[in-house]
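The values are calculated or read from the model by the stated rules, or taken from the named source; none is laboratory data. Predicted model only: the values in this text are computed from it and were never measured. As a convention, Cβ positions derive from the backbone with ideal geometry for all residues, glycine included, and neighbour counts pool all protein chains shown.
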Amino acid sequence: MHKSKRKIPAGTTALSGRYLDYASGTEANPSALHELGAAEKRKLEDARARVAKVLGAHPDEIIFTSGGTESNNLAVLGMPPGVMVTTNIEHASVLEPAKKRKAVFMPVGETGLIDSRKIRAALSRNTILISVMYANNEIGTIQPLREIAKEIRHWNKNRRNKIYFHTDAVQAVNYLQLGVEKLGVDMLSLNAAKIYGPRGIGALYVRRGTPLGPILLGGEQERGLRPGTENVAGATALAECLEQAEKIKKSEVKRLTTLRDYFARQLTARFNLAVNGDLTKRLPNNVNITVPGIPSDLLVLELSARGIYASAKSACKSGDGKASHVVAAINPKIKDTDGSLRFSLGRETKKSDIDYTLKALSEILKKLKKWYI
């Protein structure tokens, strides 16, 4: 007698049986009670535990999201009513939701760093949330999270209202220490797409006891904080990318710091172009410059025509024709006609790439200065 083949959805754990739960998902839903669902749930919880281990957190403190933007929105909009304190150079996914609640936007200094004493001075009995990004996505400056956390701990010890601390760590994961206890944060945002992982998956670390509520409704997944069928494959990929980043972090930081410093020195020596942001308290892969009198978009297109792919600012805001809000914050005199370029290095970047870019810049600036300066 002919035996029928097992009928299970593609991509789902291969267990025996016939799949008749397509309404839950054409791949097994990890919230389903049957055996296939339980198998997917185990994979999801394994990924959660692996992410938690990298952060030095408890597995139930990891909430999977669709990426850094959703994680930041959840951290900002999911907190109870009260005043929020943040900086004026945050990513748009913090700045925009911050505008929808009471927010105090603290200016950074000319090097792109926030003074923790300014944060302390901004606190009040109505403050509930501080959000300061770990490392800036445009100029690469690394904020003094531990100092800010110390100010918050001092406040919480001596005041009635408790203040919670969130950081957008999306750009920091490849290069900086991630232990949430040492950082002193209550929430921390991650994005797989920035650590050589797939788009559409991220996470938010939420310390036990943080009074965070959902901003989306319709399901009880992720402790009720993020409804919707879980992205099991994405969560697994995020865990793998985090682990890989930890393994090579020390060597990559050393290698990229050497390339970064060489690039910065050459830009100054050859073209008299200053690097935006603090020169030492910055990510090892970031070089951001301003080119007076030449529009950013034109510089990006000229580089692209030569096979060099850089950006003027955050990709989320590219093409709006305005100067970078981050560069404008540290240099109020900048004009929309002054171009800024963000070069961000990665695992495949070599010294030959830097030298080729320097040669191309020489040609581009010689050409464009005839028209614009």
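Filter the range 97-122 for residues that are small (Gly, Ala, Ser) and not in a loop (DSSP other than H, G, I, E, B); which is surrounded by the most Cβ atoms within 10 Å (Cβ to Cβ)?
Here is the first cut: in the range 97-122, the ones small (Gly, Ala, Ser) are 98, 103, 109, 112, 116, 121-122.
Restricting the remaining residues to those that are not in a loop (DSSP other than H, G, I, E, B) gives 98, 103, 116, 121-122.
Details: Ala98: 22, Ala103: 18, Ser116: 19, Ala121: 12, Ala122: 15.
It comes out as Ala98.
Looking only at the range 128-148, count how many residues are buried (at least 22 other Cβ atoms within 10 Å of the Cβ) and more than 18 Å from the chain's Cα centre (by Cα). Before the answer, list the steps.
Going through the range 128-148, the residues buried (at least 22 other Cβ atoms within 10 Å of the Cβ) turn out to be 129-143, 145, 148.
Next, only the ones that are more than 18 Å from the chain's Cα centre (by Cα) stay: 129, 148.
Adding up the residues that qualify gives 2.
Quick one: would you say Arg255 is of a type in the set (D, E, K, R), under 25 Å from Lys359 (Cβ atoms) and out of contact with any strand residue (DSSP E or B) (no Cβ under 7 Å at 6 or more places or on another chain)? Step through it out loud before you land on a result.
Details: of a type in the set (D, E, K, R): yes; under 25 Å from Lys359 (Cβ atoms): yes; out of contact with any strand residue (DSSP E or B) (no Cβ under 7 Å at 6 or more places or on another chain): yes.
Yes.
Are any residues in the range 64-80 buried (at least 24 other Cβ atoms within 10 Å of the Cβ) and β-branched (Val, Ile, Thr), and if so, which ones? I'd like the intermediate steps shown before the answer.
In the first step, residues of the range 64-80 are kept if they are buried (at least 24 other Cβ atoms within 10 Å of the Cβ); the result is 64-65, 68, 71-72, 74-76.
Those that are buried (at least 24 other Cβ atoms within 10 Å of the Cβ) and β-branched (Val, Ile, Thr): Thr65, Val76.
Report every pair of residues separated by at least 6 positions or lying on different chains whose Cβ atoms are under 9 Å apart, first residue within the range 226-255 and under 23 Å from Tyr175 (Cβ atoms), second of a type in the set (Phe, Trp, Tyr) and buried (at least 20 other Cβ atoms within 10 Å of the Cβ).
Short answer, once both residue conditions are applied: Gly234/Phe64; Ala235/Phe64; Leu238/Phe64; Ala245/Tyr175; Lys249/Tyr175; Glu252/Tyr175; Val253/Tyr175.
Can you work out which of the residues in the range 275-288 that are surrounded by 15 or more Cβ atoms within 10 Å (Cβ to Cβ) and in a loop (DSSP other than H, G, I, E, B) is nearest to the chain's Cα centre (by Cα)?
The initial filter retains those residues of the range 275-288 that are surrounded by 15 or more Cβ atoms within 10 Å (Cβ to Cβ), namely 275-278, 281-288.
Checking the rest, the ones that are also in a loop (DSSP other than H, G, I, E, B) come to 276-278, 281, 283-285.
On the way: Asn276: 19, Gly277: 18, Asp278: 19, Lys281: 17, Leu283: 13, Pro284: 15, Asn285: 14 Å.
Top of the filtered list is Leu283.
Just a yes or no: is a residue in the range 336-352 in a helix (DSSP H, G or I), at pLDDT 90 or above, exposed (fewer than 15 other Cβ atoms within 10 Å of the Cβ) and not assigned by TED's automatic domain parsing to the domain that holds Glu90? Show your work before the answer.
The initial filter retains those residues of the range 336-352 that are in a helix (DSSP H, G or I), namely 351-352.
From the residues that got through so far, the ones that are at pLDDT 90 or above too are 351-352.
Add one more test, that the residue is exposed (fewer than 15 other Cβ atoms within 10 Å of the Cβ), and what stays is 351-352.
From the residues that got through so far, the ones that are not assigned by TED's automatic domain parsing to the domain that holds Glu90 too are 351-352.
Taking every residue of the range 336-352 in turn, at least one turns out to be in a helix (DSSP H, G or I), at pLDDT 90 or above, exposed (fewer than 15 other Cβ atoms within 10 Å of the Cβ) and not assigned by TED's automatic domain parsing to the domain that holds Glu90.
Please go through the range 57-68 and pick out each residue that is assigned to a helix (DSSP H, G or I) and in contact (Cβ under 8 Å) with a residue 60 or more places away in the chain. Let's see the steps before the verdict.
Step one: filter the range 57-68 for residues assigned to a helix (DSSP H, G or I), giving 59-61, 68.
Hits for the range 57-68 are Asp60, Glu61, Gly68.
For the range 241-265, give me each residue that is among the acidic types (Asp, Glu) and surrounded by fewer than 17 Cβ atoms within 10 Å (Cβ to Cβ).
Glu243, Glu246, Asp261
With Val83, Val94 as the choices, which residue is assigned by TED's automatic domain parsing to the domain that holds Gly224 and crowded, with 21+ Cβ neighbours inside 10 Å?
Values: Val83 fails: crowded, with 21+ Cβ neighbours inside 10 Å.
Every option except Val94 fails the conditions.
Looking at (1) in a helix (DSSP H, G or I); (2) crowded, with 18+ Cβ neighbours inside 10 Å; (3) not aliphatic (A, V, I, L, M), find the lone condition where Arg226 falls short.
(1)
For a quick check of your reading of the model, give me the residue pairs whose first member lies in the range 299-324 and is under 12 Å from Asn137 (Cβ atoms) and outside the structural domain of His91 (by TED's automatic domain parsing), whose second is surrounded by 10 or more Cβ atoms within 10 Å (Cβ to Cβ) and modelled with pLDDT under 65, with beta-carbon atoms closer than 8 Å and at least 6 apart or on different chains.
Ser311/Ser318; Ser324/Ser314; Ser324/Lys317
Quick one: how many residues across the range 44-63 are surrounded by 19 or more Cβ atoms within 10 Å (Cβ to Cβ) and on the phi > 0 side of the Ramachandran plot?
0
Is the range 83-94 home to any residue that is more than 22 Å from Glu138 (Cα to Cα) and either assigned to a loop (DSSP other than H, G, I, E, B) or in contact (Cβ under 8 Å) with a residue 40 or more places away in the chain (or both)?
Taking the range 83-94 as the starting set, the residues that turn out to be more than 22 Å from Glu138 (Cα to Cα) are 83-84.
With the extra rule that they be either assigned to a loop (DSSP other than H, G, I, E, B) or in contact (Cβ under 8 Å) with a residue 40 or more places away in the chain (or both), the set shrinks to 83-84.
Yes: one or more hits.
Taking the conditions exactly as written (surrounded by 15 or more Cβ atoms within 10 Å (Cβ to Cβ), outside the structural domain of Leu341 (by TED's automatic domain parsing), more than 25 Å from Arg199 (Cα to Cα) and in contact (Cβ under 8 Å) with a residue 24 or more places away in the chain), does Arg153 satisfy them or not? Walk me through it before giving the result.
Details: surrounded by 15 or more Cβ atoms within 10 Å (Cβ to Cβ): no; outside the structural domain of Leu341 (by TED's automatic domain parsing): yes; more than 25 Å from Arg199 (Cα to Cα): yes; in contact (Cβ under 8 Å) with a residue 24 or more places away in the chain: yes.
It is false that Arg153 is surrounded by 15 or more Cβ atoms within 10 Å (Cβ to Cβ), outside the structural domain of Leu341 (by TED's automatic domain parsing), more than 25 Å from Arg199 (Cα to Cα) and in contact (Cβ under 8 Å) with a residue 24 or more places away in the chain.
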